[in-house]
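**Student:** Questions regarding the structure given below will be posed in turn.
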Amino acid sequence: MTEVPQVIQNRTLKEGTRCLIYPGARRRPAAAIIRQSVFAAVMSCLTACAVGPNYRTPQISLIPFHNVSKTAFSISSSENAVSWWKSFHDTELDKIESRVLTQNLDLKAAYARVLQGRAIARSAAAQMLPTLDFSPQVSATRLSEEGLIGHIVREIPHFNRDYREYNVGGVASWELDIAGGLRRAHEAARDEFQAAEAEGDGTRLSLAAEAADTYLRIRGDQARLRIEVDPSVRTVFGFE
């Protein structure tokens, strides 16, 4: 059944103006409009803070290294892999590598970035834990005899003018990771720390390889010069 609108006279308008009012129409209260607006704003904020999907390592197919079996066989332990130049059994090369790895500023900067990344990762992990804050206070006070209260109580025998006050306050808080922002921040800081570690290892390997390559080139040039100068060395190596 169709509702028939009612015609009423509106006194707030001009004289003779009429309005159509439907019987089922009701005015929405202001409190309901405010609640819906606040709910929409909160949902918009949560949507803006929503995190993306979990990271997945991309599948990359690489051609195997041509002599991977030989290199894997020659490296028997992690210690040999770190100090690979010791396999040459050259004391002078060991000294050079030791000086390079302890005095190079680029390597020290890389290690500093590793420490920085570790500290940031730990700080991001601590943000997901509850926080406890205690503030104990102790105050010692001596009542003056010249004050208003001092004039009153100084006549009391054995009155102790010294007193102490102990206050202990504490605050406990825990931020709920509803949208996952703290968790994603911790994952990002952890990945950056691991990247800094890999960069530091790469810098160390590059410096050690460059120092060893330069040293072996010099030793090769010295051997060639010796062959050219000393005839006996030519006979030993079969150049004559």
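The values are calculated or read from the model by the stated rules, or taken from the named source; none is laboratory data. Please read all numbers here as calculations on a predicted model, not as lab measurements. We place every Cβ from the backbone using ideal geometry, glycine too, and count neighbours over all the protein chains shown.
**Student:** If we scan segment 169-185, do we find a residue that is small (Gly, Ala, Ser) and assigned to a helix (DSSP H, G or I)?
**Tutor:** Yes: segment 169-185 contains one or more residues that are small (Gly, Ala, Ser) and assigned to a helix (DSSP H, G or I).
**Student:** Could you tell me which residue of segment 110-135 is nearest to Ala185 (Cα to Cα), considering only residues that are in contact with a Gly (Cβ under 9 Å, 6 or more places away or on another chain) and exposed (fewer than 12 other Cβ atoms within 10 Å of the Cβ)?
**Tutor:** For segment 110-135, the residue satisfying everything is Leu132.
**Student:** Can I ask one more? Report the residue count in segment 190-225 for those that are surrounded by 17 or more Cβ atoms within 10 Å (Cβ to Cβ), more than 23 Å from Arg118 (Cα to Cα) and among the hydroxyl-bearing types (Ser, Thr, Tyr).
**Tutor:** 1
**Student:** Here's something else I'd like to know. Give segment 104-141 a look and list any residue that's among the charged types (D, E, K, R) and free of Cβ contacts under 8 Å to residues at least 24 places away in the same chain, or say none.
**Tutor:** The initial filter retains those residues of segment 104-141 that are among the charged types (D, E, K, R), namely 106, 108, 113, 118, 122, 133.
Once the filter is applied, which keeps residues that are among the charged types (D, E, K, R) and free of Cβ contacts under 8 Å to residues at least 24 places away in the same chain, segment 104-141 yields Lys108, Arg122.
**Student:** Tell me which of these Ile218 doesn't satisfy, since it passes every other one: (1) at pLDDT 75 or above; (2) outside any helix (DSSP H, G or I).
**Tutor:** (2)
**Student:** Moving to a separate point now. Restricting the search to segment 158-179, which residues are within 22 Å of Phe134 (Cβ to Cβ) and under 23 Å from the mean Cα position of the chain (by Cα)?
**Tutor:** Ser173, Trp174, Glu175
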